[in-house]
Amino acid sequence: MSISVKLDLDEDGVEVNQTMYRGIIRSLLYLTASKPNIIFSVRMHARFQAAPKESHLKAAKRILRYLKETQDLVLSYPTCDSLDLIGLANADYAGFLVDRKSTSGMSRFLGSSLISWGIKKQNSVALSTAEAEYVVVASCCA
């Protein structure tokens, strides 16, 4: 998902088949187990399953086109001597335009291998970028 694209309720948009949209999102959620690079976009689209609009469907199809073009990208787990545990965290400050809550993203590496990742909408509304980052770091270390 492009960083310039911000999804909202799109109340004036044309409604689409809810069953079809949910099927696309369900399939994409399944793929996030092996393609962690699409987690943020898929979770953002999953928030609009109750009343999907044409703009949401077009954005979801963009993810499908991306997956088709990047079929050769895979996760690899090489053997290495380093067992350093590294955690990375980031926040999208007020990125969800409906309720202005931030989105937390976390990933953990053992050496150079990705071992876990996740994304979650924060429970509270952050008043600044620093506060949103503090919330995600606190949840990453817990």
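The values are calculated or read from the model by the stated rules, or taken from the named source; none is laboratory data. These numbers were taken from a predicted model, which means no experiment stands behind them. Heads up, the Cβs are rebuilt from the backbone with ideal geometry, glycines too, and the neighbour counts pull from every protein chain shown.
Computed values, structure above
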| item | result |
| --- | --- |
| Positions within the range 104-122 being polar (S, T, N, Q) and touching a residue at least 12 places away in the same chain (Cβ under 8 Å), in sequence order | Ser104, Ser107, Ser112, Ser113, Gln122 |
| Odd one out for Ser116 among (1) under 15 Å from Pro36 (Cβ atoms); (2) in contact with a Pro (Cβ under 9 Å, 6 or more places away or on another chain); (3) not hydrophobic (A, V, I, L, M, F, W, C) | (2) |
| Number of positions in the range 1-30 that are modelled with pLDDT of 90 or more and surrounded by 15 or more Cβ atoms within 10 Å (Cβ to Cβ) | 6 |
| Count of residues meeting criterion [in a loop (DSSP other than H, G, I, E, B) and touching a Pro at 6+ places or on another chain (Cβ under 9 Å)] in the range 92-113 | 2 |
| Pair list, Cβ under 8 Å, 6 or more apart: the range 53-73 residue in a helix (DSSP H, G or I), other residue at pLDDT 90 or above and of a type in the set (Asp, Glu) | Glu54/Glu15 |
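Yes/no per residue for (1) among the aliphatic types (A, V, I, L, M); (2) within 30 Å of Glu11 (Cα to Cα):
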{"position": "Ser82", "(1), (2)": "no, no"}
{"position": "Gly95", "(1), (2)": "no, yes"}
{"position": "Ser104", "(1), (2)": "no, yes"}
{"position": "Ser116", "(1), (2)": "no, no"}
{"position": "Ile119", "(1), (2)": "yes, yes"}
